[in-house]
1. Of all residues in the range C:236-276, which are among the small types (Gly, Ala, Ser), in contact with a Leu (Cβ under 8 Å, 6 or more places away or on another chain) and more than 10 Å from every other protein chain (Cβ to nearest Cβ)?
2. Since A:Leu229 meets every condition but one in (1) farther than 30 Å from A:Leu97 by Cα; (2) away from chain C (no Cβ under 11 Å); (3) assigned to a helix (DSSP H, G or I); (4) free of Cβ contacts under 8 Å to residues at least 60 places away in the same chain, which condition does it not meet?
3. Given the criteria away from chain C (no Cβ under 11 Å) and surrounded by fewer than 22 Cβ atoms within 10 Å (Cβ to Cβ), does A:Ala307 qualify?
4. So A:Leu223 fits all but one of (1) surrounded by fewer than 23 Cβ atoms within 10 Å (Cβ to Cβ); (2) more than 11 Å from chain C (Cβ to nearest Cβ); (3) within 17 Å of the chain's Cα centre (by Cα); what number is the exception?
5. Quick check on my filter: what residues within the range A:251-280 are part of a helix (DSSP H, G or I) and either open to solvent by 10 Å² or more (accessible area, probe 1.4 Å) or of a type in the set (Ser, Thr, Tyr) (or both)?
6. Select from the range A:124-145 the residues that are more than 30 Å from C:Val234 (Cα to Cα), within 10 Å of chain C (Cβ to nearest Cβ) and not in a helix (DSSP H, G or I) and list them in ascending order.
7. I'd like to verify a number: residues in the range C:96-149 that are within 14 Å of chain A (Cβ to nearest Cβ) and assigned to a helix (DSSP H, G or I), how many?
8. For A:Ala4, work out the one condition from (1) in contact (Cβ under 8 Å) with a residue 60 or more places away in the chain; (2) over 24 Å from the mean Cα position of the chain (by Cα); (3) outside any helix (DSSP H, G or I); (4) more than 9 Å from every other protein chain (Cβ to nearest Cβ) it doesn't fulfil.
Amino acid sequence: MALALLPRRIFYGLVSLAILSVIIFVCTHLLPGDAATAILGEGATPAALAALRARLGLDQPAPLQFAHWLGGVLTGDFGVSTTLNQPAGPIIAERFLNSMALALVTIFCAAAIAIPLGVVAAVRRGSRLDGTILTASYVGISIPDFVLGPVLILLFAVPPLALFPSSGFVAFAASPAGWIAHLVLPVAALTVVLTAHLMRQTRSGMLDVLNSDYVRTARLKGLPERLVLWRHALRNALGTTLAVLALDLGYLMGSIVIIEEIFAYPGLGRLIVYAVANRDIPLVEDVALVIGTVYVAANLVADIAHAMLDPRLARP
Amino acid sequence: MAPPRVVPALTRRAFGRGLATTGTVLAMPWVLGRRAYGEAKPGGQLTVALYKDLRTLNPIMGIFGNEWRATCNLYNNLTRLTAKGGVEGDLAESYAPSANGASWTFTLRQGVKFHDGSALTAADVVATIEKILDPATAAPYKAELGPIAAVKAVDGRTVRFDLASPYADLPKALASATARIVSERGIADFAKLDSAPHGTGPFILKEFAPNDHVLMERNPNYFRTGRPYLDRLLLRVLPDTTAQVAALENREVDAIGDVEADSFARLSAIKGVDAAQVVGGTFNNLVLYANQPPFDDERVRMALRLAMDREQMTAAITGGLGTPADDEPISAAYEYFDKTLALRKQDLAKARELLKQAGHGNGFEHRLVVSNSPASREKTAVVVQAMAAQIGIQFKIELMDNARYGATIWNKGVASYVGNYGTRPTEDAILSKLYSAKYGIDEGRWAGTEAGKRVEALIEQGRAVTDSAARRKIYDEIQRITSDDGPFIIPNFFNSLYASWTYVHEWPALAINTEMRLEESWLSPEAPGRKA
Amino acid sequence: MTELTAAAPPARRQRNAYLALGLALTLAAIAAAALGLLYTPYPPARIDLLHPLARPSLGHLLGTDRYGRDVLSRVLAGGWRSLTLGFGATGLGLAIGLPVALATAYYRGAVDQIVMRFVDALLSIPTLVFALLIIVGLGPGQAQAIVALGVAAAPKFVRIVRSAALSAASEDYVTAAKARGERALYVQYGEVLPNIWPPVIVEASVNIGFALMGGAALSYLGLGTQPPFADWGVMINEAQKQISVTFWPLLGPALAISLSIIGFNLFGEGLRDRLHLRAALADA
């Protein structure tokens, strides 16, 4: 992608986010039950439901509710969570930062492990080392996360080892050491899942580049192999890896509900599942929008970086 | 390995229905609270792990146990339940009914202050109760307060409750979680009550992250001098049982406020952890609509009852941490539990015979809906299904999202389902809710039957009578009728399960596991919460 | 998470070993599932409340679960449900994704633009949340779970197939077919599709694993296969709650799901490499 296309890409992203909001609203609205049934539980009587719906504004026509939400978001007001009865903005902001921290640390760890392994596997393709790395990667993608999480807790968080806190979250501001300690196990679980995937993508990308004319030319020019590998080949192969990382960021922001539940980590994934289960439409909308924005932005950044790294693409 | 706390005698109602048969040792609450530990030492932070949702701190709108576990430390009620199942004044110094039973008068303690410094007056009580009774509030547990017609401030510290019909249980009903006393100012700011409490309780809110944690600090102006002992109280939501157990083992938390049956054995095995269980009144009821086939035929309901092996079911559903039940909702945790009622034995031959008489000799299929929350409902359904299959009744289980269940199935009269109820302060609260069309929801559509009408009349009588022996007679009869003819299968009650390190003293292990009042609790010097 | 590029073919020996192992594991999973349809040592839903959580023994080779049900019987019987879920959801995802992708890549222009904005929007919803919205809306049941996971996977298939089809569309044989005046459907399905199988196969085989995991995740949220029956994901989820007491009930279903996922992945990659080779030979 040439950088000149950037404004258009941003516009496309915004259009997608708008479509996303409508889809989420319609889907959530169509679900049986509403916030009033969720709030009242077994205390629900027809009269109480009617009274609560009136108080929460759930008796208004759906398009009006959507317009109300949209108007708020466009002016920076994320509205009020129906079931928590608190402004959604601060709740989401906190969860967003938590999820972002977990995601970035995980991505850093996964990349630090996967990229070197992927490069080595590609360079020595067909060797026993390559086979070992590939085989190990299959183990990573085949263990369900809700087995991996408890196993890590039982191995590392309880006596005799008791190396790390089992679960929970400590704010960085309150205690940087506590913050890191609490991140170790969830990051480890997620890194196992991501590394496998990322490693294989890096290997594929690297193999593609190594077979390309571009690298062949470099070799023909008589450049030392190490320079060809690390300066020319990896630089280009990283484009693929970056695209995968961008997708992973989106995944880590919203899809790791189970890891967040197991490690009692207050992230966006648990929040959106809570919101869906309780039919808290403003909260579902807000969180989906935030996750969507991260997804769109991450892909955009990955594309730009790809364009800057890969000379083949930078040329118009 | 430390054994679970063993308490020598089942003093209360020794070897009553089911108590002796589960093979577990049942700790009695008032014994638990009275172990000699020496002088209570103030100070330190207690961290308690909880399970699942904690959405709001508004006591009037709360429906989850965790919400009540939090609010009972931020607020007080007019009355509170004692460990023995009785009731005593909390914010009320004294209370008495009028001679004809048409009203109750409560006199408030003097010198009680809300967290904002304002003094408790009768006006605060009136504002709170009126807010609960106001239909526009849609308070979920309004009906369980009883037939309150009006509430009046007689003077600054006297409140009179005028009743629509005599109600002997009013003091106990006012101890329920929904009736915590909020200041007039708090009621005026009702929309913010979810996160900004206005209470008189032993702790003051410091920090609240919904569904994650609640941090409270000692209320230095608490009206019970010297209480609470703890400087800080932190409630943490840990939604995964493995993590919960690990957190306790690691001493990241000092106690678990609602232990899942699956982790109890593991917790009991940790040296230095007290795993305590108290007979509770929580149950899951399979609803058999008595106004529609096939369960409108009393013989079919009886056949199903006879197919149940209640002891085996209790062991399987509760993991041995419960007591068998006889299809009615009054457990040994209630004052008027009928201990003479013999547990119904499984009798498959008689069950098949009854089915045949009812014209279902070849059995039948029936839809059974289960909500995904709490998970114990699914266990009840699976085990009931296996028992029923023995006599040819094939339940087809449908497991669904809780909100869909709430909106389309629960109390809608469209399909059998597994309901879930917690322990109530009074027999009347749960009986009215389940069986009365007038005060409750008549969940089994049974109030129209002969037996149902009789029970409805008995419920009405039970509300008005104050004499204990007379009430016992009434509630005994209700238990007999509902057990023989009622519209539910209730195979067991769940024990209330707790776990705490031995350095936590005076842990409130009550039958009603949501009243987790920690004002009397304190920590030994070795507690991690004292070192930080 | 998607496979974005096709790797260059690895050494032949390794490639064949992958394909063989993948095929073996996949066939073993299918065989186990088929066996489970015909025979299980015990009825999989039969409860024996007197023997819960038994360790493996001659009577119960994989032990029993919390209700005393035989784990081996449940693994065998659950296989069919799991495979139906994995293959069904992937098949549905493909059935939606392929035509949309081929059409947008063929027509391009405004249709492509509009469809792709929708696809981008759907891709930005976390897959699990998307599946959750659908299954909560449709209600409980295995068919509903297949629809939920299949529809949730469809946008990803559109993305991948479209990019493969776009590069194929600029190839000579496609231009030639268009120049010959072939019908649009023929060009899409007769010319483009046969040439883009490799990435599609890899993605599909990976997605079978994702669908199995997704089904397990839904069951973690309490929305899985209807009790008393279970697929592997539901079994793992049930056993996971007692992992601090005993891990035996977890072992059978966890191995079954892990080995199958490895099998599908190896098979997909092996097959892709084989097709690559054939394409290379055909080009030569």
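1. If the condition is that a residue be among the small types (Gly, Ala, Ser), in contact with a Leu (Cβ under 8 Å, 6 or more places away or on another chain) and more than 10 Å from every other protein chain (Cβ to nearest Cβ), then C:Gly252, C:Gly270 are the ones that fit.
2. Against the list (1) farther than 30 Å from A:Leu97 by Cα; (2) away from chain C (no Cβ under 11 Å); (3) assigned to a helix (DSSP H, G or I); (4) free of Cβ contacts under 8 Å to residues at least 60 places away in the same chain, A:Leu229 comes up short only on (4).
3. Judged against the criteria, A:Ala307 is a match.
4. Result: A:Leu223 passes all but (3).
5. If the condition is that a residue be part of a helix (DSSP H, G or I) and either open to solvent by 10 Å² or more (accessible area, probe 1.4 Å) or of a type in the set (Ser, Thr, Tyr) (or both), then A:Tyr251, A:Glu261, A:Arg270, A:Val273, A:Tyr274, A:Ala277 are the ones that fit.
6. A:Arg125, A:Gly126, A:Ser127
7. Final tally of qualifying residues: 29.
8. Unmet for A:Ala4, out of (1) in contact (Cβ under 8 Å) with a residue 60 or more places away in the chain; (2) over 24 Å from the mean Cα position of the chain (by Cα); (3) outside any helix (DSSP H, G or I); (4) more than 9 Å from every other protein chain (Cβ to nearest Cβ): (3).
The values are calculated or read from the model by the stated rules, or taken from the named source; none is laboratory data. This structure is a prediction, so every number in the text was calculated from the model and none was measured. Please note: Cβ atoms are built from the backbone with ideal geometry, for glycine as well, and neighbour counts cover all protein chains shown. For the accessible areas, the whole protein counts, side chains as well, though only heavy atoms, and no ligand, DNA or RNA atoms are used. Shrake-Rupley method; radii C 1.70, N 1.55, O 1.52, S 1.80 Å.
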